[in-house]
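**Q** One structure, pasted below without further comment.
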RNA sequence: UGUACAACCUUAUAGC
């Protein structure tokens, strides 16, 4: 059984879902009796690819053979359905979990809050959080983060701010850098620049460290507002602070140049950063954006050439 | 020796 779990896990992490299924079917047919770990590995594997039919079929097999799911099983399924945007299915699993006498942990709460937020059920999400025990609340940063993100995305910034204050004062749960990044992004996208700035200062005051996402979030705000000065200043600060840009950083800058009609600069930037010993590889997004930029400023030939270059580098068009 | 990357943040686009 241990071998089965390992094989299945290996197949999933390398993207070979079908092989995972083959191993599973083969060994089960030969009389290997899957245990809870093997079942969870299979279910989590399917869920991580959004293959909820696959996950459910394993789950049914589990029920038919009288194997009890544990909290990990339920978490995988709820999270899978939350990501797939299926609130009803997530709620079904949640209820089944309670029926079977399995108590939700903070991971389960986080996924369920996500599912509710996707459907703008903020009152219900709040109610769910209220149900958590005191001890759970203090450990539930991701749960509050999921809630805050949902509120920000829906433009309910004031509500998000309220949750931000309450999580600490009422629930004794200190925000982390992710919490700050989400709010920062929310304020920037809502054009509440002053509050965004204040918040960015508060991070260091509170003894937290800016993450790469913090820089990227701010950079995106500057690029979006067409503020090349602050944007360049921030990339400078990034390097001084010892943070290496990633694909998100590069793609944002390339796109910003394209939007300004400066596809030539964007092209040079891509070449500069990806060639000559640099370790960045442009991805589909980089190329797509650059092609879009070239469409506006160059001839079709250049665009086609870039497309061919992308394909020759082993990146398939989406 | 097996689920141990089970949950939370940041980038483009077209179509519907």
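**Q** Testing the spin-label approximation: label points 7 Å from Cα along Cα→Cβ at residue A:211 and residue A:51. State their distance in nm.
**A** A separation of 2.9 nm, rounded to one decimal place.
**Q** Still on this structure, please answer the following. Express the relative contact order of the stretch A:168-244 as a whole percentage, based on alpha carbon pairs under 8 Å and six or more residues apart in sequence.
**A** Once divided by the residue count of the stretch A:168-244, the mean separation gives 26 percent.
**Q** While we're here: Output needed: percent of Cα pairs per 10 Å distance bin for chain A, bins running from 0 to the one holding the longest distance.
**A** Spelled out per bin, shortest first, that is 5, 21, 22, 25, 19, 7, 1.
**Q** Within a 10 angstrom radius of the beta carbon, how do A:309, A:224 rank from fewest other beta carbons to most?
**A** Least to most surrounded, the residues fall as A:309, A:224.
**Q** What is the distance, in nm, between label points placed 7 Å from the Cα along the Cα-to-Cβ direction at residue A:197 and at residue A:96?
**A** Reported label-point gap for residue A:197 and residue A:96 is 5.3 nm.
**Q** Using a Förster radius of 41 Å, what is the FRET efficiency between residue A:225 and residue A:22 based on their Cβ-Cβ separation? Nearest 0.05, please.
**A** About 0.20, to the nearest 0.05.
**Q** Another question, if that's okay. Using Cα-only point scatterers and the Debye equation, what is log10 of I(q)/I(0) for the stretch A:268-313 at each q in 0.13, 0.22, 0.25, 0.28 Å⁻¹, rounded to two decimals?
**A** At q = 0.13, 0.22, 0.25, 0.28 Å⁻¹ the computed log10 ratios are -0.28, -0.77, -0.95, -1.10.
**Q** How large is the helix-only mean residue ellipticity at 222 nm for chain A, computed as the sum of -39500 (n - 2.57) over DSSP H runs with n ≥ 4, divided by its residue count, in deg cm²/dmol to the nearest 500?
**A** -23000 deg cm²/dmol
**Q** On the Cα set of the stretch A:1-70, report Rg and Dmax in Å, please.
**A** Over the stretch A:1-70's Cα set, Rg and Dmax evaluate to 10.8, 30 Å.
**Q** Any idea what the relative contact order of the stretch A:1-113 is, in percent, if you count C-alpha pairs under 8 Å spaced at least 6 apart?
**A** 21
**Q** Between residue A:154 and residue A:240, how high is the FRET efficiency from 1/(1 + (r/R0)^6) when r is the Cβ-Cβ distance and R₀ = 41 Å? Nearest 0.05.
**A** So, using R0 = 41 Å, E works out to roughly 0.70.
**Q** Still on this structure: In whole Å, what are the extents of the stretch A:225-286 along the principal axes defined by its C-alpha atoms, from largest to smallest?
**A** The principal-axis extents, from largest down, are 31, 27, 17 Å.
**Q** Remind me, relative contact order of the stretch A:102-252 in percent, using alpha carbon pairs under 8 angstrom and six or more residues apart?
**A** Relative contact order here is 16 percent.
**Q** Once R0 is set to 22 Å, what does the formula 1/(1 + (r/R0)^6) return for the Cβ-Cβ distance between residue A:68 and residue A:6, expressed as a FRET efficiency to the nearest 0.05?
**A** 0.45
Each reported figure results from applying straightforward, stated rules to the coordinates on display, with no laboratory input. Just so you know, these numbers come straight off a predicted model, no measurement behind them. Cβ sites come from the backbone with ideal geometry, for glycine too, and all protein chains shown count toward neighbours.
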